[in-house]
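Report on the structure given below.
The values are calculated or read from the model by the stated rules, or taken from the named source; none is laboratory data. None of these values were measured; they are calculated from a predicted model. All Cβ positions, even for glycine, are placed from backbone atoms using ideal geometry, and neighbour counts span all protein chains on display.
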C-alpha cells in the first residue's frame with residue numbers, strides 16, 4: 001500500500017532556528033533525518049537490541065508504567081474487540097524493565113503477542129536519561145515520553161498538540177493524512193476508543209476493506225508516508241492524522257508534545273471536548289438551525305480573513321478580546337456550572 005504514496009519531505013542537519021522558521025510555520029509534516037543520531041541510547045541500539053535493553057534496564061527507577069498486551073492473532077494492531085464493546089488488549093502496570101524483558105523474550109517467538117509501553121513520562125521511570133538525551137529543537141520544559149515494545153500498530157488518530165517523535169530503536173512507518181481527510185478515514189466513536197483520548201480510524205491499513213470503506217481510496221490519494229530508522233525524527237503538526245507501525249522485534253520511540261501558543265485558553269482546553277459539547281447541544285437541531293450555527297462558528301472561529309470584534313471597543317470585547325488567566329478561569333467556572341445543570 002505504501003509504495004505508491006507520496007513521501008513526506010525530508011530535512012537534514014536541522015537546528016532550532018531552521019525548525020522554527022522554515023518547518024514549524026508551514027503546518028506540514030517533515031522528516032528530520034539524523035536529528036538524534038548522537039543520543040547514547042541510539043548508539044546502544046546500533047550495537048544490538050540487547051545492548052539497548054541492558055542500557056535501559058540499568059536506568060529503570062522501578063516506578064510502574066502503563067503497558068498493554070494484544071494476543072498473537074491481533075498481529076500487533078491496537079483495536080476494538082469483535083463486538084466493539086471493549087478492546088483487543090489487556091492493560092497492566094509494572095516497571096518498564098519488566099516490559100523490556102517481555103519484549104526480549106517475545107523476540108524469539110514466530111508469532112508473539114504484542115506488548116508495549118505507551119506514552120510513559122521519562123521523568124517518571126527513566127529520569128537519568130533526561131540529561132544525556134536533549135531535544136535540540138525544543139525548550140527543555142517540554143517533557144519527553146517513551147513508547148517501547150515489539151511490532152505493534154497504532155491506527156490513524158490525531159493529537160491536539162504538535163509532535164516531534166524520535167526513533168531510537170527499530171524502524172517505524174508513519175502514514176499521515178491532512179485534517180480534511182477525516183471524512184475518508186471512517187473514524188470510530190469519539191467517546192469510546194482504544195487510545196483513551198482520541199478517536200481512531202476503523203480501516204485496517206494492512207488489508208483495507210474498500211467495499212465497507214470506499215472513500216478510503218481518496219484518503220490514500222492524499223496520504224504522505226515515511227519510514228524512519230534509529231536517529232531519525234518526524235514533525236507531526238497538530239490534528240494531522242497519523243498511522244504508526246513499529247516494524248521490528250524491539251522498538252523504542254521518544255516523543256515531545258507541545259502547543260504552539262502561550263495563550264492561556266489553549267491548555268488544558270480540548271477541541272475534542274468542545275466538539276462533544278457541540279454534538280450534545282446542536283446535533284439534534286433542525287438542519288437549517290445547524291446551518292445557522294455553522295455560520296456563527298465560521299464567523300467567530302474559522303474565518304481567518306475576518307475580525308469579528310474589530311468594530312467593538314477593546315474594553316468591551318469580552319471573550320472576543322484578550323483574556324487574562326483570571327478571566328479564563330471565570331469563564332471555565334461558568335461553563336462547568338452550566339454543564340452541571
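Checked against (1) part of a helix (DSSP H, G or I); (2) more than 21 Å from residue 6 (Cα to Cα), residue 196 passes all but a single condition, namely (1). Among the residues making up the stretch 102-125, those that are under 26 Å from the mean Cα position of the chain (by Cα) and either over 22 Å from residue 58 (Cβ atoms) or surrounded by fewer than 16 Cβ atoms within 10 Å (Cβ to Cβ) (or both) are 112, 113, 114, 118, 119, 121, 123, 124.
Could you list, in sequence order, all residues of the stretch 140-154 that are touching a residue at least 12 places away in the same chain (Cβ under 8 Å) and either exposed (fewer than 15 other Cβ atoms within 10 Å of the Cβ) or in contact with a helix residue (DSSP H, G or I) (Cβ under 8 Å, 6 or more places away or on another chain) (or both)? 143, 144, 145, 146, 148, 149, 150, listed by residue number.
For residue 174, state whether it is in contact with a strand residue (DSSP E or B) (Cβ under 9 Å, 6 or more places away or on another chain), assigned by TED's automatic domain parsing to the domain that holds residue 34 and in a strand (DSSP E or B).
Yes; evaluated as a whole, the condition is true for this residue.
Looking across the stretch 30-42, the residues that are in contact with a helix residue (DSSP H, G or I) (Cβ under 9 Å, 6 or more places away or on another chain) and surrounded by 14 or more Cβ atoms within 10 Å (Cβ to Cβ) come down to 30, 32, 36, 37, 39, 41, 42. Counting the residues of the stretch 103-138 that are touching a strand residue (DSSP E or B) at 6+ places or on another chain (Cβ under 8 Å) and in a loop (DSSP other than H, G, I, E, B) gives 6. Of all residues assigned to the stretch 46-55, at least one qualifies as being within 21 Å of residue 250 (Cβ to Cβ), without any contact (Cβ under 8 Å) to a residue 40 or more places away in the chain, in the same structural domain as residue 188 (by TED's automatic domain parsing) and part of a loop (DSSP other than H, G, I, E, B).
Identify all residues within the stretch 315-332 that are in a helix (DSSP H, G or I) and surrounded by 10 or more Cβ atoms within 10 Å (Cβ to Cβ); write none if there are none.
Passing the criteria: 318, 319, 320, 327, 328, 329, 330, 331, 332.
Residue 40 meets the conditions (1) in contact with a strand residue (DSSP E or B) (Cβ under 8 Å, 6 or more places away or on another chain); (2) within 22 Å of residue 121 (Cα to Cα) in every case but one. The failed one is (1). Being at pLDDT below 95, part of a loop (DSSP other than H, G, I, E, B) and surrounded by 15 or more Cβ atoms within 10 Å (Cβ to Cβ), is that true of even one residue in the stretch 2-21? Yes; the residues of the stretch 2-21 include at least one that is at pLDDT below 95, part of a loop (DSSP other than H, G, I, E, B) and surrounded by 15 or more Cβ atoms within 10 Å (Cβ to Cβ).
Looking at the stretch 157-167, can you tell me whether even one residue there is free of Cβ contacts under 8 Å to residues at least 40 places away in the same chain and part of a strand (DSSP E or B)? Taking every residue of the stretch 157-167 in turn, none turns out to be free of Cβ contacts under 8 Å to residues at least 40 places away in the same chain and part of a strand (DSSP E or B).
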